[in-house]
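**Student:** Okay, handing you the structure first.
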Amino acid sequence: MTDKQPLLQVRNLTHHFKTNPPLVDLLLRRAPRFIKVLNGIDLHLERGETLGIVGESGCGKSTLARCLVGLYPPQGGEILFDNQNVSNKTRAEQRDYNRRVQMMFQDPYSSLNPRMSVGQVLHEALSVHKMRPEAEIQNRINELLDLVSLPRDAAGKLPHEFSGGQRQRIAIARALSVEPEVLIADELVSALDVSVQAQVVNLLLDLQKHLGLTILFVAHDLRLVRHVSHRVAVIYLGSIVEIGDSDNVFSSPVHPYSRALLNAAPSIDPDHKNSMPPLKGELPSPLNIPPGCAFHGRCPHATEICRQDKPLLKKREGHGEIACHHTESLMATLAEAGEQAPQD
Amino acid sequence: MRHYSSDPATGAEQTQNRTAATNPEIANPPALLEVRNLSMSFGLGQSGLLAIDKVSFAVKPGEILGLVGESGSGKSITLRSVLGLTRRYGRVNGEILWKNRDLNKLNNRDLQKIRGREIAMIFQEPMSSLNPLLSVGLQITENLRAHTGLGRAERRKKAIKLLDLVGIPSAAARLGDYPHQFSGGMRQRVMIAIALASEPELLLADEPTTALDVTIQQQILDLILALSREMGMSVIMVTHDLGVAAQTCDRIAVMYGGRLVEVGPVRNILRNPQHPYSIGLLRSVPENVPPRSELYSLPGIPPGLGNRPSGCCFAPRCPVATARCAVEKPDLFQSGEKVSLACFNPQNLLSGTPQ
């Protein structure tokens, strides 16, 4: 994997939302407060791979996805696409980037214009980016509908005539219409039922294989992320705490947060009980992120250094990159436990 | 007043033993709640839309029954119909036997005495099911005032005790707080505290953890399990997540198209499902499959309320459907010692694969 050229690179990305200050604060001229959603994200996407992003709600998964497609203007850090910085591109280059990196949204009921037929939706995407001459557009629409296994007469129908799963297929067709290289899937199948979810996931995997797509898969369903991803990043309060090969991270997570999070997914085997005690407490507010390691308040291994210094991501042998001060001792206990009771 | 000795936060270890304690083989108590041929249709007359169709099940004391199925399968309507909450939207037929009384025959006033006292309910969205204008203390004591004879000071004491029980730190100080001052998981705990105020014998939980993160979900499920064990309370838990059902329930009832398709002990249903729908549902969960392999997926989508097939609802999507399935609705029958099934062509696909 290392010899591949990263297609998309994110360096030290930060994003803070300004709050609407209460009147009292305005009158007293207090400094504005910021919701610190992303606090220095570093990651890269290699061509053709799927990177899964997991974390609790409010940890910045969706904000990261939206920053990548330019829905939020960049604040700190940089996004490199094909080794070129996205933010200082000309408008024409920006438009090209927007075409090559496409996003698909969570809610299939609000992400399609209810008054545009499926044909119009696809037509708009094709003509805005001048993908095909006008005469060929109808053919291309049929091709796209075939690609996502929708009937061809779907082009004349309005979104409300489709079920949730079919709408997500339309969203996928819309994203694919401009022949992108990167797909950002923000909770693409979270709103769907299990049996329909499997259909859409199969479609996505199939399309990736045939079109060589690079996918950023944001989801809170851990089983699903494990299934579709090559690599996985675990985010806590806007920072990556662990990133590495999907198998590695899921089967032997090292960071205390990833261990708690990845173990919390209930297994469908009634006798496979979760061995980890449940995580205490809840996600702190991103308005005032704890100093040092953001996780120290909930971490069973926290010591003095965790309260003061923010740990940085470091590559570990046999694991991915981990941001924890106690990685060595945790890895040692993991290895010990592994020897005593070999898992799986 | 009952005494709660254990810390709900440590419910994880206790839950290991609970199956033994409530094993129906050891003790075979009569059912606490028995639902017979419960049907509910929205609207009246010919144009009524049948939401649930002849659902029958029983809950034993101390048992946790999981109602699983996809959206629109009638899980929530079943739950709400038990408490008479769907009456105003249409017609409810069948028997709901609770302590030798048929809840479906009771008028609203008599039902009110049972609702919230003997049978309590928690809802999916803690955001919208708490009153945003009332402090949580008031919302808990309101329930206590309606269902117990406690005085004002005692009610307050009990409310603090309840908040403590569900694991809300510094309970006394938070009594005056409003719902928006709590996080999602904490709000769900408040909901549970309200439901538990009258020490119900049966708790109806409608997707209690669906809106929550997995880490919080585990805390809430452990809490429900521990409380059920402590208080000997039965639970009917509606969920679409088979993992949640597997980890918490004693028995599982699978619903599809408004009917029960398979009912049995959790291990029987999850290890050796026989109904093609249960099999499909289980196989489409991405667990124990090689990463990035094709997931098993049922063709088609669940039927809408208005266009359910005249035969077996699952027939159009079923891989083993026959001509009979298209015209006749299969009824639940006892297929094994503890499992009932509604299918003309039961399958035995997973029996050879030990898991």
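**Student:** Take the residues in segment A:139-169 that are charged (D, E, K, R), surrounded by fewer than 19 Cβ atoms within 10 Å (Cβ to Cβ) and in a helix (DSSP H, G or I), then tell me which one is farthest from the other protein chains (Cβ to nearest Cβ).
**Tutor:** A:140
**Student:** Out of segment A:17-62, which residues are under 29 Å from residue A:242 (Cβ atoms) and either aliphatic (A, V, I, L, M) or free of Cβ contacts under 8 Å to residues at least 60 places away in the same chain (or both)?
**Tutor:** A:17, A:35, A:37, A:38, A:41, A:43, A:44, A:45, A:51, A:53, A:54
**Student:** Among the residues of segment A:170-209, which ones are within 14 Å of chain B (Cβ to nearest Cβ) and within 15 Å of residue A:230 (Cα to Cα)?
**Tutor:** A:201, A:204, A:205, A:206, A:208, A:209
**Student:** What pairs can you find where one residue is in segment A:273-287 and more than 9 Å from chain B (Cβ to nearest Cβ), the other is crowded, with 16+ Cβ neighbours inside 10 Å and of a type in the set (Val, Ile, Thr), and their Cβ atoms are less than 7 Å apart, with a gap of 6+ or different chains?
**Tutor:** Close Cβ pairs satisfying both conditions: A:286/A:35; A:286/A:37; A:287/A:35.
**Student:** Considering only segment B:332-355, I want to know if a residue exists there that is of a type outside the set (Ser, Thr, Tyr) and under 28 Å from residue A:150 (Cβ atoms).
**Tutor:** Taking every residue of segment B:332-355 in turn, none turns out to be of a type outside the set (Ser, Thr, Tyr) and under 28 Å from residue A:150 (Cβ atoms).
**Student:** Evaluate the following for residue A:172: is it crowded, with 23+ Cβ neighbours inside 10 Å, in a helix (DSSP H, G or I) and in contact with a strand residue (DSSP E or B) (Cβ under 7 Å, 6 or more places away or on another chain)?
**Tutor:** So residue A:172 passes the test.
**Student:** Being in contact (Cβ under 8 Å) with a residue 12 or more places away in the chain, buried (at least 22 other Cβ atoms within 10 Å of the Cβ) and assigned by TED's automatic domain parsing to the domain that holds residue B:120 narrows it down to one residue among B:63, B:95; which is it?
**Tutor:** Residue meeting the stated conditions: B:63.
**Student:** Would you pick out the residues in segment A:238-253 that are of a type outside the set (D, E, K, R), within 13 Å of chain B (Cβ to nearest Cβ) and more than 11 Å from residue A:53 (Cα to Cα)?
**Tutor:** The answer is A:248, A:249, A:250, A:251.
**Student:** Tally up the residues in segment A:163-175 that are over 21 Å from the mean Cα position of the chain (by Cα) and at pLDDT below 90, please.
**Tutor:** Qualifying residue count for the region: 1.
**Student:** Same structure again: Among the residues of segment B:134-150, are any over 19 Å from the mean Cα position of the chain (by Cα) and within 14 Å of chain A (Cβ to nearest Cβ)?
**Tutor:** No, the conditions are met nowhere in segment B:134-150.
**Student:** Still on this structure: From B:81, B:41, B:56, which residue is in a helix (DSSP H, G or I), surrounded by 15 or more Cβ atoms within 10 Å (Cβ to Cβ) and hydroxyl-bearing (Ser, Thr, Tyr)?
**Tutor:** B:81
**Student:** Say whether the condition of being out of contact with any His (no Cβ under 8 Å at 6 or more places or on another chain) and part of a helix (DSSP H, G or I) is met by at least one residue in segment A:266-280.
**Tutor:** For segment A:266-280, residues out of contact with any His (no Cβ under 8 Å at 6 or more places or on another chain) and part of a helix (DSSP H, G or I): absent.
**Student:** Moving on to the next point. Within the bounds of segment B:140-147, is there any residue that is in the same structural domain as residue B:77 (by TED's automatic domain parsing), part of a helix (DSSP H, G or I) and charged (D, E, K, R)?
**Tutor:** Scanning segment B:140-147, I find at least one residue that is in the same structural domain as residue B:77 (by TED's automatic domain parsing), part of a helix (DSSP H, G or I) and charged (D, E, K, R), so the answer is yes.
**Student:** Can you tell me which residue is farthest from the chain's Cα centre (by Cα) among those in segment B:45-95 that are within 14 Å of chain A (Cβ to nearest Cβ) and charged (D, E, K, R)?
**Tutor:** B:70
**Student:** Return a yes/no flag: does segment A:216-223 have any residue that is more than 13 Å from chain B (Cβ to nearest Cβ), over 17 Å from residue A:320 (Cα atoms) and touching a residue at least 60 places away in the same chain (Cβ under 8 Å).
**Tutor:** Yes, segment A:216-223 has at least one match.
**Student:** Now, a different point. List every residue pair whose Cβ atoms sit under 6 Å apart, with the two residues 6 or more apart in sequence or on different chains, where the first one lies in segment A:69-82 and is of a type in the set (A, V, I, L, M, F, W, C) and the second, anywhere, is in a loop (DSSP other than H, G, I, E, B).
**Tutor:** Correct list of pairs: A:79/A:86.
The values are calculated or read from the model by the stated rules, or taken from the named source; none is laboratory data. This one's a predicted model, so the numbers in the text were calculated from it and none came from an experiment. All Cβ positions, even for glycine, are placed from backbone atoms using ideal geometry, and neighbour counts span all protein chains on display.
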